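First up is the structure itself, then whatever we jot down about it.
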Amino acid sequence: MKSYQVFENAQPIKEVELDTPIPEGDEVLIKTIACGVCHTDIHIHDGFFDIGNGKKMASRMVQPLAMGHEVFGEVVSFGQNVKNIEVGKKFVVYPWIGCGECEACKADNEHECGPLTAENIGVAVDGGYGEYVLVKHSKYLFDAGNTPDDLAGSYACRGLTAYSSLKKANLKPNENKLVIISAGGLGLLALKIAKAAFNVSPIVVDIDDSKLEIAKAAGASEVINSSHEGAKKRIMDLTEGGATTVIDYVGAEASIQFGYDLFGFNKNGLYILVGMLGGKFEVQLPLMTFSSRVLQGSYLGSIQEMEELMDLVRAGKIEPVPVEARHVSMANDTIADLKAGNIPGLVCLKH
């Protein structure tokens, strides 16, 4: 089998030829059809997260590694313990697989398993940049219904991350006080899910007018370029005094410095930080108390949330978003383009 692997942080991904895995016991072997590429791949490839002031936090990566955690593929074989799975059936793979022994895993929160014990596909074990992916158990496989092949895998990370963070927002139907920061791939999926699952059309903020045009066409109630003069006041007017919830899918110093000011005179504002572009943020402590604000992180999503999301997907309730498909041999160019902000929406690699 062909596999496109990282052998050293920040160095080019290389094509190698490996033996095709043979599944045993509960394992299922998936032939990769398409694998989404998201910003997490950039951090894994670089080997670090920016935590501000020139400091870096190492990301866990086993080398060599075939990245790719947004896997959609076809069952080709399985171990002797696997039941009720057919060869040829196509699935999205839930990649956030834990050790199975810690408290988080036993509480069905495998996505919260420790960074040194988790068995995340495309992070700790080989993922969808390889021609085949070995999945630990069939419970991690989800039917995507009639979802386009190029899009399906994106629900395993960006779609799930969006859904989980939106659930934390406790949204009320038809409210006009949700602000989403990012009109990129994750922001677009969040927009579609907000409309489908929560009946909310958010205001979308970005610094790229071309991406904002796509978000507006996708159903945003309004789009705002945060680099333009008067952007904050415009949002204050649209939300009649300030946002109640801001979900930041960028997670950069500039995005949180902009977004944290959007609560106006509303108390109990909720800022959900999802993106990990990096940097630091200073909090004015008395302001937190006076305004009763909550600053909350949101990381991926549980397998239960994946089930809920995929129920919506199979029911056709979430409108698909366009995906640019590239051959997996373009993995290096794709990582570079994503890092440079040259991909307006979603992108996947195909074998």
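The values are calculated or read from the model by the stated rules, or taken from the named source; none is laboratory data. Predicted, not measured: the structure shown is a model, and the values here were computed from it. Glycine also receives a Cβ, built like all others from the backbone with ideal geometry; neighbour counts cover every protein chain displayed. Areas reflect the complete protein model, heavy atoms only, side chains present, ligands, DNA and RNA absent. Shrake-Rupley method; radii C 1.70, N 1.55, O 1.52, S 1.80 Å.
Determine whether the stretch 245-255 contains at least one residue that is farther than 24 Å from residue 38 by Cβ and surrounded by 20 or more Cβ atoms within 10 Å (Cβ to Cβ).
No, the stretch 245-255 has no match at all.
Taking the stretch 133-184, which residues are closer than 23 Å to residue 223 by Cα and assigned to a strand (DSSP E or B)?
Within the stretch 133-184, 178, 179, 180, 181 qualify.
Any idea which of 177, 216, 172 is open to solvent by 10 Å² or more (accessible area, probe 1.4 Å) and at pLDDT 95 or above?
216
Return the residues of the stretch 197-252 that are more than 28 Å from residue 316 (Cβ to Cβ), assigned to a loop (DSSP other than H, G, I, E, B), free of Cβ contacts under 8 Å to residues at least 60 places away in the same chain and over 22 Å from the mean Cα position of the chain (by Cα); say none if nothing qualifies.
226, 227, 228, 229, 230, 241
Does residue 110 qualify as being touching a residue at least 40 places away in the same chain (Cβ under 8 Å) and crowded, with 22+ Cβ neighbours inside 10 Å?
Yes: the conditions hold for residue 110.
Mind checking whether some residue in the stretch 151-159 is surrounded by fewer than 18 Cβ atoms within 10 Å (Cβ to Cβ) and more than 17 Å from residue 300 (Cβ to Cβ)?
No, the stretch 151-159 contains no residue that is surrounded by fewer than 18 Cβ atoms within 10 Å (Cβ to Cβ) and more than 17 Å from residue 300 (Cβ to Cβ).
Residue check, residue 87 against (1) more than 20 Å from residue 299 (Cβ to Cβ); (2) touching a Gly at 6+ places or on another chain (Cβ under 7 Å); (3) open to solvent by 30 Å² or more (accessible area, probe 1.4 Å), all met but one. Which one?
(2)
Against the definition (surrounded by 24 or more Cβ atoms within 10 Å (Cβ to Cβ) and under 18 Å from the mean Cα position of the chain (by Cα)), how does residue 188 come out, yes or no?
yes
So, of the residues in the stretch 35-49 that are free of Cβ contacts under 8 Å to residues at least 40 places away in the same chain and open to solvent by 20 Å² or more (accessible area, probe 1.4 Å), which turns out to be farthest from residue 72 (Cα to Cα)?
Across the stretch 35-49, the extreme among qualifying residues is 48.
Kindly indicate whether residue 79 is closer than 14 Å to residue 29 by Cα, among the small types (Gly, Ala, Ser) and crowded, with 22+ Cβ neighbours inside 10 Å.
No, not satisfied.
Is it the case, given these coordinates, that residue 124 is touching a helix residue (DSSP H, G or I) at 6+ places or on another chain (Cβ under 8 Å) and either without any contact (Cβ under 8 Å) to a residue 60 or more places away in the chain or small (Gly, Ala, Ser) (or both)?
Judged against the criteria, residue 124 is not a match.
Taking helices (runs of 4 or more DSSP H) that do not extend beyond the stretch 272-341, which have at least 3 residues that are in contact (Cβ under 8 Å) with a residue 24 or more places away in the chain and surrounded by 14 or more Cβ atoms within 10 Å (Cβ to Cβ)?
Ranges flagged: 303-314, 331-339.
Just wondering, is there one or more residues in the stretch 4-16 that are open to solvent by 80 Å² or more (accessible area, probe 1.4 Å), more than 24 Å from residue 314 (Cβ to Cβ) and either β-branched (Val, Ile, Thr) or not in a loop (DSSP other than H, G, I, E, B) (or both)?
yes
When residues of the stretch 133-145 are filtered for being open to solvent by 50 Å² or more (accessible area, probe 1.4 Å) and under 27 Å from residue 330 (Cα atoms), how many remain?
Going through the stretch 133-145 one residue at a time, the tally reaches 1.
Residues of the stretch 269-289 being hydroxyl-bearing (Ser, Thr, Tyr) and modelled with pLDDT of 95 or more, which ones?
271 - this is the single residue of the stretch 269-289 that is hydroxyl-bearing (Ser, Thr, Tyr) and modelled with pLDDT of 95 or more.
Can you go through 258, 263 and tell me which one is aromatic (Phe, Trp, Tyr), modelled with pLDDT under 95, buried (at least 19 other Cβ atoms within 10 Å of the Cβ) and not in a strand (DSSP E or B)?
Being aromatic (Phe, Trp, Tyr), modelled with pLDDT under 95, buried (at least 19 other Cβ atoms within 10 Å of the Cβ) and not in a strand (DSSP E or B) holds for just one of 258, 263, which is 263.
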